[in-house]
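**Student:** What follows is a structure written as structure tokens; I'll ask about it next.
The values are calculated or read from the model by the stated rules, or taken from the named source; none is laboratory data. As the structure is a prediction and not an experimental result, all values here were calculated from the model. With ideal geometry, Cβ positions are generated from the backbone for all residues, glycine too; neighbour counts draw on all protein chains shown.
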Amino acid sequence: MSGDAYPLTRSSWNVGVNLAFSGPFLSGSSETSAAWEPPYDRTARVSAKAEPLPDPASYANERSAELALALQTELYAAALEKTGRSASLAAERIRLTDRQRILAREARDLAVRKFELAELRRQLGHATRLDLMELRIAAAEKDVALVKAAVALLSAERELERLLDLAPGELGFFASGERSRKGKS
């Protein structure tokens with residue numbers, strides 16, 4: 001009893017889901033559907049399809065290459081700028097350390113001169129041996145400060161050589177432009 005005699009007495013339903021995806025390395029689809037027509041008819045269907053590397057050249061197209069080149073160019077420029085700043089700071093550190101070495105040498109020379117004057121004053125009877133020994137200790141401390149300043153200068157030079165990828169002791173040749181001649185001999 002259906003059809004024309006009793007319209008709208010039958011019912012049925014259908015549900016379906018379709019999922020599709022695509023990329024340069026994998027593309028595919030998945031589909032599911034179900035249907036029911038009461039009282040007895042029921043159906044269901046599931047399908048899936050995947051295709052690896054559907055277009056292998058698409059991930060290496062011209063635009064990708066341009067973007068990769070632009071990224072590497074930016075990274076190179078940043079590294080070059082950072083290296084330049086580091087080299088400038090290292091060169092400034094060498095300049096300041098050399099200035100400290102010069103001041104330490106002048107202080108040592110002054111301490112030696114004071115000791116010599118104290119020696120003369122002791123010979124004249126105007127200074128004691130204790131005064132003389134105190135000035136000798138002060139001169140020795142200035143000697144130590146001079147050695148420390150020289151070591152700090154050498155350390156700063158080695159740091160700049162490492163930054164510039166030079167061999168130890170090659171900074172002087174590099175600065176005077178003789179690096180290529182040294183390598184040839």
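**Student:** Would you kindly identify the helices (runs of 4 or more DSSP H) lying entirely within the range 94-185 that contain at least 2 residues that are touching a residue at least 40 places away in the same chain (Cβ under 8 Å)?
**Tutor:** Of the helices (runs of 4 or more DSSP H) lying wholly inside the range 94-185, those with at least 2 residues that are touching a residue at least 40 places away in the same chain (Cβ under 8 Å) span 129-163.
**Student:** Turning to a different aspect of this structure: How many residues are under 21 Å from residue 149 (Cα atoms), loosely packed, with under 13 Cβ neighbours inside 10 Å and over 45 Å from the mean Cα position of the chain (by Cα) when one looks only at the range 100-138?
**Tutor:** Total meeting the criteria: 2.
**Student:** I want to confirm something. Restricting to the range 21-36 and keeping residues that are part of a strand (DSSP E or B) and touching a Phe, Trp or Tyr at 6+ places or on another chain (Cβ under 8 Å), which single residue is nearest to residue 64 (Cα to Cα)?
**Tutor:** Of everything passing the filter in the range 21-36, 27 is nearest to residue 64 (Cα to Cα).
**Student:** Among the residues of the range 174-185, are any surrounded by 15 or more Cβ atoms within 10 Å (Cβ to Cβ) and out of contact with any Asp or Glu (no Cβ under 7 Å at 6 or more places or on another chain)?
**Tutor:** Of all residues in the range 174-185, those surrounded by 15 or more Cβ atoms within 10 Å (Cβ to Cβ) come to 174, 179.
Narrowing the set further to residues that are out of contact with any Asp or Glu (no Cβ under 7 Å at 6 or more places or on another chain) leaves 174.
Within the range 174-185 (the criterion being surrounded by 15 or more Cβ atoms within 10 Å (Cβ to Cβ) and out of contact with any Asp or Glu (no Cβ under 7 Å at 6 or more places or on another chain)), the answer is yes, since at least one residue qualifies.
**Student:** Additional query: Being hydroxyl-bearing (Ser, Thr, Tyr) and closer than 29 Å to residue 161 by Cβ is the filter here, so list the residues in the range 90-147 that pass it.
**Tutor:** Hit for the range 90-147 is 97, nothing else.
**Student:** Is it true that some residue in the range 53-76 is loosely packed, with under 11 Cβ neighbours inside 10 Å, touching a Ser or Thr at 6+ places or on another chain (Cβ under 6 Å) and at pLDDT below 90?
**Tutor:** So far as the range 53-76 goes, no, none of its residues is loosely packed, with under 11 Cβ neighbours inside 10 Å, touching a Ser or Thr at 6+ places or on another chain (Cβ under 6 Å) and at pLDDT below 90.
**Student:** Looking at this structure, is residue 45 within 23 Å of residue 154 (Cβ to Cβ), in contact (Cβ under 8 Å) with a residue 12 or more places away in the chain and charged (D, E, K, R)?
**Tutor:** No, not satisfied.
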